[in-house]
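First up is the structure itself, then whatever we jot down about it.
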Amino acid sequence: MTVVGVAAVGAKVEVDGQGGVFGFVDQTKHPSWWDEGVAPPRPGDKLHVCVLDSGREPYPRLSALRVDIGIARARLSTETGQRMADELLAQGPLDRLGNALGEKG
């Protein structure tokens, strides 16, 4: 993900290689909110994120926090979690989730 816009409430990000596919990282879901030693996001920054809420409008809600990314990975590593993820990713309109999670089509 690449940061394309920043506001007081968070950052708009674009999925790398998928022009026009965006997400939103709330300020509390960026490490700079919790650690003053971490710079706040700036346009052009690259972020590794996980999906928190794919149904949020106008953009899916994402997190760049290690703890959230760890939880997302753990959920996908279970058989049920993997099946659910596969079902979601098989739905055409949700292909962006695979991109956001770093899946290669």
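What the table below lists for this structure:
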read-out	value
Subset of region 1-18 [under 19 Å from V51 (Cβ atoms) and in a loop (DSSP other than H, G, I, E, B)]	M1, V9, V15, D16, G17, Q18
From the options L52, L88, L94, residue that is modelled with pLDDT of 90 or more, of a type outside the set (S, T, Y) and either in contact with a strand residue (DSSP E or B) (Cβ under 9 Å, 6 or more places away or on another chain) or outside any strand (DSSP E or B) (or both)	L52
Among (1) in a loop (DSSP other than H, G, I, E, B); (2) under 19 Å from A72 (Cβ atoms), the one test that F24 misses	(1)
Count - residues of region 16-49 that are of a type in the set (A, V, I, L, M, F, W, C), surrounded by 15 or more Cβ atoms within 10 Å (Cβ to Cβ) and either touching a residue at least 24 places away in the same chain (Cβ under 8 Å) or in contact with a strand residue (DSSP E or B) (Cβ under 8 Å, 6 or more places away or on another chain) (or both)	6
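The values are calculated or read from the model by the stated rules, or taken from the named source; none is laboratory data. What you are looking at is a predicted structure, and each value in this text was computed from that prediction instead of being measured. Because the Cβ atoms are built from the backbone with ideal geometry, glycine has one as well, and the counts that use them run over all protein chains shown.
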